[in-house]
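Here is the structure we will look at, set down as structure tokens.
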Amino acid sequence: MPDKSLTAEKIEHWLREENPDRLDELWRAADETRRQTVGDAVHLRGLLEISNHCVRTCAYCGLSRHNRQLKRYRMSAAEILAGAREAMRFGYGTVVLQAGEDYGLAVEWLTQVVRRIKNETPLAVTLSLGERPLPELEALREAGADRYLLRFETSDRRLYEVIHPSTPVRKSDRVQMLQELRRLGYEIGGGVMIGLPGQTYATLARDIEWFNRLDLDMIGVGPYLVHPETPLGREEIKPEIDPREQTPATDTMAYKVIALARLVCPEANIPSTTALAVANRKEGRMLGLQRGANVVMPNLTPASYRIHYEIYPEKACLQETAEAGDSLLRRQLRTIGRTAGVGPGSRKKTERPFSSLIRNLLMKDGKPLILCVDDDPDVLDHLRMILEGNGYYAVTASNAEEGFAKYREKNPDLVIVDLMMETIDAGHLLIKNLRAMNHTAPLLMLSSVGDALQASIDTAELGISAVIQKPVQADSLLNILRAKLK
Ligand code: SF4
């Protein structure tokens, strides 16, 4: 059930967000959505990089046919079958066969390999073989392939054409191909690079909106990593944009995109990618899993080939054996309270509603949320009018008990409480309860004897940031809000 309330404008706002507290809210919302929709299991997909030949010349990719430095290889059918059996032995539910767009891998040969994996193992088969012709994709689907990955890298058409030159026989159009793959019955996976030269915050926000529009079953994202043997790496191509609009190729930006992808497409399978593990070697992969991801793709390619599958340099775990990688991964999963999934881990469609935590996060959109607690409906209306007319969201409660419940549900940025409500000390009691739960939002107290009260009580000891005289004057309230919400 994709959420339509997260528009490109709101997504862009989150991409620009740098306040650590607000980002914590985003991580929590993404993690909670992940838990509610796809659960705690982390699906492991054994990755086999079966060939590094490619007919294309993508401007960022080390496998481009223009890269003469790269030693090329193709795995044999026997090696691929052995890799699939190894995936089964480790208890993985899927094997991913990945290659450049390599017509040295004939479709007849590929269909036989897929058929053998499907006949000899219970594994789901994911293919990532580039923009092969439609009849070939149809034949591979008939042979039993379940899923197809094809990252479109950017939804900005101009940038797309710069980084994905056409071959002499065919123009590149990955988005259209994803739609064809869906029609053929594949589960489809797409995604983008983060911090690609020429990518603005606005285009990255639109990319994320596209995940929703294409209703992707799998979403793979990772930071752009420079390969020196490519036109982008050598800066022969330099898309011209305002430097302030260029997205950074950082792991933090990648976590933001993973978290937003989870909110936009709650049911999707989202890997914590190798590029993330390269950008943050120590904890990149686990942080990805704690910020919305639910899939890891351990690399089962024999090490002698793996070093030559160099889309970008210095890939993580190049020399690690499959056994060592698997046992490290399982230990890491245990430390974050997650377990390895069982079975193929296909996308499951759900109709679960979003939790209030997520709704609130989406609703707030950067505007501070103010909780107003007063038993006089006229006062609440007056406060709401002032707040909503001046760039704040307002939620109201008409007694202390409701105020406490709304605080827990809405997690507001600031609270305005009347001193005397249903009982003479209701306001005080509410403040005491909020202090007991270690609230962080500033508290303002309303009182018809405000100035006298201010002089007679120790506001700091009570945990009150300011006392406001009733009837409330808009200017003085707004000045206090600006000061307290800096
Ligand atoms: S991105 Fe894919 S299609 Fe493009 S050059 Fe690299 S391997 Fe080939």
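Which ones in the range 113-124 are part of a loop (DSSP other than H, G, I, E, B) and open to solvent by less than 20 Å² (accessible area, probe 1.4 Å)? First the steps, then the outcome.
First pass over the range 113-124, keeping only residues part of a loop (DSSP other than H, G, I, E, B): 121-123.
Passing the criteria: T121, L123.
Pairs meeting the criteria (first residue in the range 230-249 and closer than 13 Å to C58 by Cα, second residue assigned to a helix (DSSP H, G or I) and open to solvent by 40 Å² or more (accessible area, probe 1.4 Å), beta carbons under 8 Å, at least 6 apart or on different chains) are I237/V162.
Scanning the range 191-214 for residues that are within 16 Å of R262 (Cβ to Cβ) and among the aromatic types (F, W, Y) yields W210, F211.
Given the criteria of a type outside the set (S, T, N, Q), in contact with a strand residue (DSSP E or B) (Cβ under 8 Å, 6 or more places away or on another chain), surrounded by fewer than 21 Cβ atoms within 10 Å (Cβ to Cβ) and within 23 Å of R347 (Cα to Cα), does A41 qualify? Full working, then the answer.
Details: of a type outside the set (S, T, N, Q): yes; in contact with a strand residue (DSSP E or B) (Cβ under 8 Å, 6 or more places away or on another chain): yes; surrounded by fewer than 21 Cβ atoms within 10 Å (Cβ to Cβ): yes; within 23 Å of R347 (Cα to Cα): yes.
For A41, the condition - of a type outside the set (S, T, N, Q), in contact with a strand residue (DSSP E or B) (Cβ under 8 Å, 6 or more places away or on another chain), surrounded by fewer than 21 Cβ atoms within 10 Å (Cβ to Cβ) and within 23 Å of R347 (Cα to Cα) - is met.
In the range 57-112, what residues are within 14 Å of the ligand (Cβ to nearest atom), among the aromatic types (F, W, Y) and either open to solvent by 40 Å² or more (accessible area, probe 1.4 Å) or in a strand (DSSP E or B) (or both)? Y103 - this is the single residue of the range 57-112 that is within 14 Å of the ligand (Cβ to nearest atom), among the aromatic types (F, W, Y) and either open to solvent by 40 Å² or more (accessible area, probe 1.4 Å) or in a strand (DSSP E or B) (or both).
Counting only helices (runs of 4 or more DSSP H) wholly contained in the range 241-335, the ones carrying 3 or more residues that are crowded, with 20+ Cβ neighbours inside 10 Å and modelled with pLDDT under 90 occupy 274-279.
Tell me whether the range 160-170 contains one or more residues that are within 15 Å of the ligand (Cβ to nearest atom), of a type in the set (A, V, I, L, M) and assigned to a helix (DSSP H, G or I). Don't jump to the end; show me each part of the working.
Start the filter on the range 160-170 by keeping residues that are within 15 Å of the ligand (Cβ to nearest atom), which leaves 160-170.
Subsequent filtering for residues that are of a type in the set (A, V, I, L, M) retains 162-163, 169.
From the residues that got through so far, the ones that are assigned to a helix (DSSP H, G or I) too are 162-163.
The answer is yes, given that some residue of the range 160-170 is within 15 Å of the ligand (Cβ to nearest atom), of a type in the set (A, V, I, L, M) and assigned to a helix (DSSP H, G or I).
Only residues that are open to solvent by 10 Å² or more (accessible area, probe 1.4 Å) and away from the ligand (no atom under 16 Å from the Cβ): list them for the range 125-142, please.
Those that are open to solvent by 10 Å² or more (accessible area, probe 1.4 Å) and away from the ligand (no atom under 16 Å from the Cβ): L134, P135, E138, A139, R141, E142.
Among the residues of the range 85-109, those identified as hydrophobic (A, V, I, L, M, F, W, C) and in contact with a Lys or Arg (Cβ under 9 Å, 6 or more places away or on another chain) are A87, V95, V96, A99, L105, V107.
Checking the conditions here, which among M218, M193 is more than 26 Å from L70 (Cα to Cα), hydrophobic (A, V, I, L, M, F, W, C) and open to solvent by 10 Å² or more (accessible area, probe 1.4 Å)? Before the answer, list the steps.
Numbers: M193 fails: more than 26 Å from L70 (Cα to Cα).
One residue alone meets the criteria, M218.
Would you tally the residues in the range 290-310 being farther than 27 Å from D217 by Cα and among the hydroxyl-bearing types (S, T, Y)? Selection size over the range 290-310: 2. Residue check: is R151 open to solvent by 50 Å² or more (accessible area, probe 1.4 Å) and either closer than 22 Å to V169 by Cα or aromatic (F, W, Y) (or both)? Against the criterion (open to solvent by 50 Å² or more (accessible area, probe 1.4 Å) and either closer than 22 Å to V169 by Cα or aromatic (F, W, Y) (or both)), R151 qualifies. Taking first residues from the range 331-348 that are over 13 Å from V296 (Cβ atoms) and in contact (Cβ under 8 Å) with a residue 40 or more places away in the chain and partners that are surrounded by 15 or more Cβ atoms within 10 Å (Cβ to Cβ) and among the β-branched types (V, I, T), the Cβ contacts under 8 Å between residues at least 6 apart in sequence or on separate chains come to P344/T94; K348/V38.
Taking R151 and the conditions (1) more than 22 Å from the chain's Cα centre (by Cα); (2) assigned to a loop (DSSP other than H, G, I, E, B), which numbered condition does it fall short on, given that it satisfies the others? Failed condition: (1). Hey, could you check the range 31-56 for residues that are of a type in the set (V, I, T) and within 16 Å of the ligand (Cβ to nearest atom) and say which is nearest to P298 (Cα to Cα)? Only one residue fits best here, namely I50.
If you go through the range 90-109 one residue at a time, how many are charged (D, E, K, R) and under 23 Å from the mean Cα position of the chain (by Cα)? Walk me through how you get there before you give the answer.
Restricting attention to the range 90-109, the residues satisfying the condition of being charged (D, E, K, R) are 101-102, 108.
Still in the running and under 23 Å from the mean Cα position of the chain (by Cα): none.
So the answer is 0.
The values are calculated or read from the model by the stated rules, or taken from the named source; none is laboratory data. In this text the structure is predicted, and so the values were computed from the model without any measurement. Virtual Cβ from ideal backbone geometry, glycine too; neighbours counted across all protein chains shown. Surface accessibility is based on the protein's heavy atoms, side chains included, excluding ligands, DNA and RNA. Shrake-Rupley method; radii C 1.70, N 1.55, O 1.52, S 1.80 Å.
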